[in-house]
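Undergrad: Can you keep this structure in mind? I'll have questions shortly.
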């Protein structure tokens, strides 16, 4: 008879637990909007992280000397106004114009295997008279 009493008490415990679950009320907590999604908030990424580094080549050197234009490798999602604002804030110079070059990635083959060379985006930034950025190594 001891076995019967144990199984009966287990059934009572289970039925009591089911009743407790029915009495629970779900309360929905409103989600807060992240700071970068709020109206008027700035981007979550800093301008220094979006402008990767200066593009230093012979042609870039000629552009610096002749037309006061500097070339930077930038994030693929950046546009002209963002680039101008970022360069002005990082280097403390006046930007006159920005031209963008978006180079697509290429697929390359070596025998049967294929691979992908990633693309990049460059910004050609023209500075105002008297403004300079020291990007060329000496």
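Undergrad: What FRET efficiency comes out for the pair residue 132/residue 104, r = Cβ-Cβ distance, R0 = 30 Å, nearest 0.05? The partial results should precede the final answer.
TA: Values: r = 32 Å, r/R0 = 1.07.
Result of the calculation: an efficiency of 0.40.
Undergrad: Could you line up 135, 125, 95 from fewest to most neighbouring Cβ atoms inside 10 Å?
TA: Values: 135 16, 125 28, 95 21.
Result, fewest neighbours first: 135, 95, 125.
Undergrad: Arranged by the count of other C-beta atoms within 10 angstrom, fewest first, what order do 75, 134 take?
TA: 134, 75
Undergrad: Next question, about the same structure. If a/c stays under 1.5 just call it rounded; otherwise compare a/b with b/c (prolate if a/b is bigger, oblate if not). Do that for region 46-127, with a ≥ b ≥ c from the square roots of the Cα gyration tensor eigenvalues.
TA: It is prolate, given that a/c is not under 1.5 and a/b is the larger ratio.
Read-outs: derived from the displayed coordinates by stated rules, not from any lab. Just so it is clear, the structure is predicted and the values come from calculations on it, not from any experiment. With ideal geometry, Cβ positions are generated from the backbone for all residues, glycine too; neighbour counts draw on all protein chains shown.
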